[in-house]
Amino acid sequence: MKLVGIVGSNAEVSYNRLLLKYIKKHFNTLFELEILEIKDVPMFNQSDDQTNSPVIQNIHKKILSADGVIIATPEHNHTIPAGLKSLLEWLSFKIHTLEDKPVMIVGASYYDQGSSRAQLHLRQILDAPGVNAMVMPGNEFLLGKVKEAFDVNENLTDQRTIDFLGSTLEKFVKFVKLVSVMEEPKAAVAEPEDLYATGKVDTTIEGVDMYAEDWVEQAAKAVNAVEGNTYVKLDRGILTVDQLNYFLASMPMELTYADHNNQFLYYNHTKPAEEMLASRTPGQAGNPLAKCHPESKFNSVSWVIQQLRSGATDAVRVNVPTHGPDKYVVHNYQAMHDKEGNYVGINEYILDFKPIIDWYLKQTGQTLVGDVDAVSGASQNNHEEVDAVSSASLNENTTEKVDAVSSASIKG
């Protein structure tokens, strides 16, 4: 496996360059790493297009030929250096070098928490339209107190830090392999996905415009749908429609249903869109999934649906770190089946696991133990391995990627 490492500093002496050199030397059994410098990259100026300059084209070609990218960034005034930002601007101006490219972020800093704020900002930049990198979620390596971290031979001295770095790099290798499988042409496991839901299934409500803001009301009238105190016989229970709504609204997660015709039919509407983990609005119910995602992500959305439809997997899940350090949000895409085992759609549920983890630790008296010089959080345990695809939709209010296959995160 061939990776490139980008030194996020143009300084003559850089601990982030040192970190990449250490990775290249000590983890060469995992991958081959070529280190790229940004010191000659011109300041971004769209009025003076340097896209075809030798320095930009050299970096562009190196990244395109690599399987993945490791970016090592320092922190300058709570963000990434101007030189690194200029490089990313050039690579997303007329060329889109990092699109769908697996990226891992590392960083070194003089302070305890490493380059945590710069890394968070860098994730947001890499998620931006035009960049669209596939950043490895949930795993961070933040090296603090760098003056004490290396010895005179430029080797890391703390074994826990070395072990954590190694485990994170191993996970990135797995992530790169997963992405390569996703990006390769695949044998058809099902008919090409019709994200516009132009077909129909047994439960399709015909004669109602899927794009109508009041689709729910029109569809309910068309089929004489029951509501209120009308009883519904379920598999093991009898509830009124109101009780079903109460029950679903009480779930400590955001729920979404998209049927096997790729039509977004339902979400448990309990909060306004701006307060949700993946924003949705009432008028989006009834839309085809094509209306719920940017066109650039149709291939990823189709891939997830085909994995679930074909039975290749029952669930695809991913941690979305852009919700902030006080949350651990996981998006789960679960295949649904009827009694005969036929695929009938996707149940997407989105849950912040952090309150559950905090409650568990309080109940058991256990704690998460880690090295603050190496990680920004308190844990040094193995994080869940990535089992997901790249982000599939954008929350326009926050510009964060929300990986929602069946959600309607883009306001119509």
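The values are calculated or read from the model by the stated rules, or taken from the named source; none is laboratory data. Please read all numbers here as calculations on a predicted model, not as lab measurements. Because the Cβ atoms are built from the backbone with ideal geometry, glycine has one as well, and the counts that use them run over all protein chains shown. Heads up: the accessible areas ignore ligands, DNA and RNA and are worked out on the full protein's heavy atoms, side chains in. Shrake-Rupley method; radii C 1.70, N 1.55, O 1.52, S 1.80 Å.
Counting only strands (runs of 3 or more DSSP E) that sit completely within the range 206-261, zero hold 3 or more residues that are at pLDDT below 95 and either open to solvent by 50 Å² or more (accessible area, probe 1.4 Å) or of a type outside the set (A, V, I, L, M, F, W, C) (or both). If the condition is being assigned to a helix (DSSP H, G or I) and either outside the structural domain of Gly68 (by the TED database) or among the β-branched types (Val, Ile, Thr) (or both), then the range 2-25 contributes only Ile23. The single condition among (1) touching a His at 6+ places or on another chain (Cβ under 8 Å); (2) open to solvent by less than 40 Å² (accessible area, probe 1.4 Å); (3) without any contact (Cβ under 8 Å) to a residue 40 or more places away in the chain that Leu33 does not satisfy is (1).
Residues in the range 303-341 that are among the polar types (S, T, N, Q) and in a strand (DSSP E or B): Asn319, Asn332, Gln334. Condition check: out of contact with any strand residue (DSSP E or B) (no Cβ under 7 Å at 6 or more places or on another chain) and buried (at least 19 other Cβ atoms within 10 Å of the Cβ). Does Ser92 satisfy that? So Ser92 passes the test.
When Asp338 is tested against the conditions (1) in contact with a helix residue (DSSP H, G or I) (Cβ under 9 Å, 6 or more places away or on another chain); (2) under 27 Å from Tyr196 (Cβ atoms), the lone failure is (1). Among the residues of the range 151-176, those that are more than 32 Å from the chain's Cα centre (by Cα) and either more than 14 Å from Lys21 (Cβ to Cβ) or open to solvent by less than 20 Å² (accessible area, probe 1.4 Å) (or both) comprise Val152, Thr157. Looking only at the range 355-390, residues that are within 22 Å of Arg280 (Cβ to Cβ) and either of a type outside the set (S, T, N, Q) or modelled with pLDDT of 85 or more (or both) come to 3 in all.
Does Leu87 meet the test of being in a helix (DSSP H, G or I) and either open to solvent by 10 Å² or more (accessible area, probe 1.4 Å) or β-branched (Val, Ile, Thr) (or both)? When the stated conditions are applied, Leu87 does not pass them.
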